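Comments concern the structure below.
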Amino acid sequence: MNKKKLIFIIIGLVIIALLVGIYFAWKSKTNNNPTISNQNPTAQFSVQSQSTTTDKLHILSKNPAMGYWVAYSSSTTPNPNIYYIYDNGQNYHNAQIFEIASGTENLIASSTLIGLGNIKISNDGKMILLKSGTGENDFDVYNSDKNMWQQSFDQLGDMDISPDGKSIIYSSDSGIFKTGLDKFTSAITKLSGLSPIDFNLNWINTDNVILSSKPSSDIDSEIWNLNLKNKTLSEIASGKGLMVNWSKFGDLGIKFSVDNGNNRLTLIDGSGNKKADFNFFTFPDKCLISSLSQIYCAIPKDQSVFSDPEILDNYLKHGIYFNDGIYQIDLQNNKFQPLYDSDNNIIDAVDLTLSGNELFFINRYDNKLYSLDL
């Protein structure tokens, strides 16, 4: 073997060794197990290993879903009916509502709307608000219990339904108001002279409405609480990258924020006080707080992407997608339980709902409605 050939062999072996080292360093960085710690730094949530299979995952809808809800036709019905809204249009949007029952999908209602936007659903799934409009926002009310379009509210900032599904709150140029679902017969009560046209309204429990400005990695956002009983406003949180997903009754929230260029994920109470720090990253709309002790989260497997302080903006603009694992977080027993971690069907899950032994969500890759058997 001549000297030149020997040098090439040595160089080749060195390159192979470097590549192997880089690979294992990358695996170590991106596959760390997610953990959570509370204000006691010695408390950690452990991870239980469990094999997960793809036969637990089901695609439910034939079309992309803009929003969905789960309801039982009666108290004795073992399986729920699932409803979702499909945007079948371009300039004039044909909002179609489908019902999935016993494995069969049927179109049950539709309406032509201009600039179809956000969808809000009452806790019992009986009243649906569909936001539309190209300038001022209009809201169409759909009564799923009676399968009928009820009425429209025009030129508003935002609107939400009360937890009992009997009243609405809305913002306009004149302030914040409360009224009944029948705008022609219901009295209107002015709650505040503030005009938060660009704020999202979230009626989280009987006495409290959350007002949230749009989140951004570069601009400070604000979250306020409007107490309906005494008609007072109090600030819950402010800062860059601010995004919160509240539990059904507003007693807990998962908060994402950017602090001095560093992303943070925390658990907060209804007043904005920190309850725990998460040692992993995901976005709040990828989590569900099902009770005071149970949280379900879709967690991106590649955690290194969260080193980018601009990731929230990229996520909201659909400039980045993830490969998620789905976990159940037991706050009471300090445990993580993996529910789905297969790479055979890649999911990027948002808008989680728990019903019985099924976890429902929308997959951002195709926007279809999925379910996961628990």
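The values are calculated or read from the model by the stated rules, or taken from the named source; none is laboratory data. Note that the structure is a prediction, hence the values are computed from the model and not measured. So basically every Cβ, Gly included, is an ideal-geometry build from the backbone, and we count neighbours across all protein chains shown.
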The condition of being at positive phi and in contact with a Ser or Thr (Cβ under 8 Å, 6 or more places away or on another chain) holds, among ASN334, ASN367, ASN344, ASN279, only for ASN334
ASP145 passes all but one of the listed conditions (1) surrounded by fewer than 17 Cβ atoms within 10 Å (Cβ to Cβ); (2) under 24 Å from the mean Cα position of the chain (by Cα); the exception is number (2)
By residue number, the members of region 169-184 that are modelled with pLDDT of 90 or more and aliphatic (A, V, I, L, M) are ILE169, ILE176
Subset of region 45-92, residues surrounded by 14 or more Cβ atoms within 10 Å (Cβ to Cβ), farther than 19 Å from SER144 by Cβ and modelled with pLDDT under 80, comes to PHE45, VAL47, THR52, GLY89
Here the residues within region 310-346 that are more than 28 Å from ASP373 (Cβ to Cβ) and either in contact with a Gly (Cβ under 8 Å, 6 or more places away or on another chain) or not basic (Lys, Arg) (or both) are GLU310, ILE311, LEU312, ASP313, ASN314, LEU316, HIS318, GLY319, ILE320
Flagged in region 158-172 as among the acidic types (Asp, Glu) and farther than 17 Å from SER212 by Cα, in numbering order, are ASP164
Checked region 109-161 for anything outside any strand (DSSP E or B), under 23 Å from LEU226 (Cα atoms), in contact with a strand residue (DSSP E or B) (Cβ under 6 Å, 6 or more places away or on another chain) and of a type outside the set (Asp, Glu); matches are ASN118, SER122, GLY157
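Of all strands (runs of 3 or more DSSP E) completely enclosed by region 186-304, which ones contain at least 3 residues that are in contact with a Gly (Cβ under 6 Å, 6 or more places away or on another chain)?
Answer list for region 186-304: 232-246.
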Residue set ILE210, ILE219, ILE197; condition closer than 19 Å to LYS131 by Cβ, without any contact (Cβ under 8 Å) to a residue 60 or more places away in the chain and out of contact with any strand residue (DSSP E or B) (no Cβ under 6 Å at 6 or more places or on another chain); output residue ILE197
Counted residues in region 148-175 being within 25 Å of the chain's Cα centre (by Cα) and crowded, with 16+ Cβ neighbours inside 10 Å come to 14
Among the residues of region 174-185, the number that are in contact (Cβ under 8 Å) with a residue 24 or more places away in the chain and either outside any loop (DSSP other than H, G, I, E, B) or at positive phi (or both) is 2
Reported set for region 338-359 where residues are part of a strand (DSSP E or B), under 12 Å from ALA298 (Cβ atoms) and under 15 Å from the mean Cα position of the chain (by Cα) is ALA349, VAL350, ASP351, LEU352, LEU359
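Which is in contact with a His (Cβ under 9 Å, 6 or more places away or on another chain), crowded, with 19+ Cβ neighbours inside 10 Å and not charged (D, E, K, R), of LEU116, LEU130, LEU181?
Values: LEU130 fails: in contact with a His (Cβ under 9 Å, 6 or more places away or on another chain); LEU181 fails: in contact with a His (Cβ under 9 Å, 6 or more places away or on another chain).
On inspection, the qualifying residue turns out to be LEU116.
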Qualifying residue in region 341-352 (condition: in contact with a strand residue (DSSP E or B) (Cβ under 8 Å, 6 or more places away or on another chain), among the small types (Gly, Ala, Ser), farther than 21 Å from SER61 by Cβ and surrounded by fewer than 21 Cβ atoms within 10 Å (Cβ to Cβ)) = no
Within region 115-139, the residues that are out of contact with any Lys or Arg (no Cβ under 8 Å at 6 or more places or on another chain) and either farther than 16 Å from TRP69 by Cβ or among the aromatic types (Phe, Trp, Tyr) (or both) are GLY115, SER132, GLY133, THR134, GLY135, GLU136
